[in-house]
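Here the structure is laid out as structure tokens; the discussion comes afterwards.
The values are calculated or read from the model by the stated rules, or taken from the named source; none is laboratory data. The model shown is predicted, which means the values in this text are computed figures rather than measured ones. We work out accessible area using only protein heavy atoms, side chains counted, and drop any ligands, DNA or RNA first. Shrake-Rupley method; radii C 1.70, N 1.55, O 1.52, S 1.80 Å.
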Amino acid sequence: MTLAEANGRLRTVQINEEQLWYINSLYILLDLDKDDFCKIIDAVGLDKLLKKRLHYDRLLIAEEELSKKEKYIQAKQRLQEIAFEKMELEEVVNAYKHD
């Protein structure tokens, strides 16, 4: 969300670029519509959300790490499936050669 979009949606406060940057990780984590996110800022208050910045940043990092781990596990499982499929195909090819 851009600064202009945020300030156009906010009712109780206007934010600057730095503040938008600080709450961006919360915006990403919540994965809400821009209007809904701005309603949260209006309801809770910008200062409260800014004070939690480090917490949101840590959550975002943890989410990214979990996503990478899940992708790694899926890739590892797929490689095992491919290796098994390769063995089966080689058996078919070898059986044909010996017939």
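In the context of the full set of protein chains, residues of the chain present 81 Å² of accessible surface per residue (probe radius 1.4 Å, heavy atoms only).
Computed over the alpha-carbon atoms, the range 8-54 gives an Rg to Rh ratio of 0.90, Rh here being the Kirkwood radius from the mean inverse distance. Give the aspartates and glutamates whose C-alpha is closer than 15 Å to that of LYS39, dropping any in the same chain fewer than 8 places away, or say none. Counting by Cα, and skipping residues close in sequence, LYS39 has these aspartates and glutamates nearby: GLU5, ASP31, ASP47.
How large is the Rg to Rh ratio of the chain when both quantities use alpha carbon positions and Rh follows Kirkwood?
On the way: Rg = 24.5 Å, Rh = 17.0 Å.
Radius of gyration relative to Kirkwood radius: 1.44.
Only helices enter this figure: runs of n ≥ 4 DSSP H residues, each worth -39500 (n - 2.57), summed and divided by the residues of the chain, yield -28500 deg cm²/dmol at 222 nm to the nearest 500. Using the Karplus relation 6.51 cos²θ - 1.76 cosθ + 1.60 with θ = phi - 60°, the per-residue 3J(HN,Hα) values for the range 22-30 come to 5, 8, 4, 5, 5, 4, 5, 4, 6 Hz, with x marking Gly and Pro. Roughly how many percent of the accessible protein surface of the range 3-97 is carbon and sulfur, given a 1.4 Å probe and a whole-percent answer? Summing carbon and sulfur atoms, their accessible area is 56 percent of the total for the range 3-97.
Listed by chain and number, the lysines whose alpha-carbon sits under 22 Å from that of LYS68, ignoring those within fewer than 8 places in the same chain, are LYS76.
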